[in-house]
1. Defining a contact as two alpha carbons under 8 Å apart and six or more residues distant in sequence, what relative contact order in percent does the chain show?
2. Along the charge dipole of segment 75-118, pointing to its positive end and built from +1/-1 on Cβ of Lys, Arg, Asp and Glu, which listed residue (76, 109, 97) has its Cα farthest out?
3. Could you check which residue among 271, 147, 44 shows the biggest mean-square fluctuation in a GNM of the chain with a 10 Å Cα cutoff?
4. Percent of alpha carbon pairs in the chain separated by more than 38 Å?
5. Can you figure out the FRET efficiency of residue 290 with residue 159, using R₀ = 51 Å and their beta-carbon distance, to the nearest 0.05?
6. Can you list the aspartates and glutamates whose alpha carbon sits under 18 Å from that of residue 131, skipping same-chain ones fewer than 8 residues off?
7. Which of these, 310, 222, 93, has the largest mean-square fluctuation under a Gaussian network model of the chain (Cα springs below 10 Å)?
8. Around residue 128, with a cut-off of 15 angstrom between Cβ atoms, what is the net charge of the other residues, counting Lys and Arg +1 and Asp and Glu -1?
Amino acid sequence: MKKFLSFAAFCLIVQGISGQVFKRDAPFAHTYSIVARDQKTGKMAVAVQSHWFSVGTVVSWGEAGVGVVATQSFVNKSFGIRGLALLKEGKTPEQALEILLHNDEAKAVRQVAILDSKGRVATHTGSSCIKYAGHIQGDNFSVQANMMLSDKVWPAMAKAFKEHSDLPIAERILETMKAAEKEGGDIRGKQSAAILVVRGESTGEPWEDRLIDLRVDDHTSPIEELSRLLKVYRAYEHMNKGDLAVEKNNMQLASREYKSAEAMFPDNLEMKYWHAITLANNNKLEEAAKMLKGIFQKDKNWRKLTKRLPESGILNLSKKDLKMLLDL
């Protein structure tokens, strides 16, 4: 029967190799990640994948107008918050990283990457990180990995990031992550992934500055699932733009945005439903009725919801027109 090392026993072995001391409660997030900045928009992003549960809650950190941080291997989570705080004080990524590691007894097994709002980067791969481990810095990005199947992973990531400069930063980063998987990725396999995108400049309203924050905590194919979620996010961006166009009484633009969303997810009833309600509110009852009939046939609860909307002022129709829709 095979005997498996406990986490504490593993730490003791690494301690013997490196001469460093490790805490038993240190998160054990071996992984690959990227920190990057879009030169055109200034947006900054950090993404990660690992064979570890909910890796996005441990590795990735970011703040609009400040920067992004990836802290991994034997993780010191404080590096995320403290790294960003040091950048806010005016420190460069190199200076911030030096301060973080200065009194860190476990720096030999740390891996950290910091990128600021100017696109400057600093990266550390400890000498005792489990191979294959390494990093590559480039213009406005750094890729880093440890406990990989081969030493081809992070070079493939850097290559993919450079080759997909035409894509929005989130999609560009996902292509980078896919390149890592094509080279084998984490030697243990895959379990969770996350992507965070923040504005290049703060609006002063933090709730508006975190643009994308998607996590896949436990999945057999986390990168593929993250790609699907990003596509859903983009579809709802069109929905939100459609709603804004309605507020401005630009029905032509609203219709285009709603149709774009529906084209991405043709089976999503909610997208179709609110498009139909918008049409009804703008006296396009024939078009609205055609859409609502199909929706009601697939799920009768949408009919019940339609009946409730006038009470909240969301659907403004005469009793006759409302009855016509409800009788579909």
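1. Numbers: 652 pairs, mean separation 49.1, N = 328.
With pairs under 8 Å counted, the relative contact order is 15 percent.
2. 76
3. Judging by the Gaussian network model, the answer is 271.
4. Of all Cα-Cα pairs in the chain, 31 percent lie more than 38 Å apart.
5. On the way: r = 49 Å, r/R0 = 0.96.
The computed FRET efficiency comes out at 0.55.
6. 151, 181, 183, 186
7. Comparing 310, 222, 93 in a Gaussian network model of the chain, the most mobile one is 310.
8. On the way: positive: 107, 110, 131; negative: 104, 105.
It works out to a net charge of +1.
The values are calculated or read from the model by the stated rules, or taken from the named source; none is laboratory data. Here the structure is a predicted model, which means the values were calculated and not measured. Counting neighbours? That spans all protein chains shown, and the Cβs are built from the backbone with ideal geometry, glycine included. Side chains included, ligands, DNA and RNA excluded: accessible areas come from the protein's heavy atoms. Shrake-Rupley method; radii C 1.70, N 1.55, O 1.52, S 1.80 Å.
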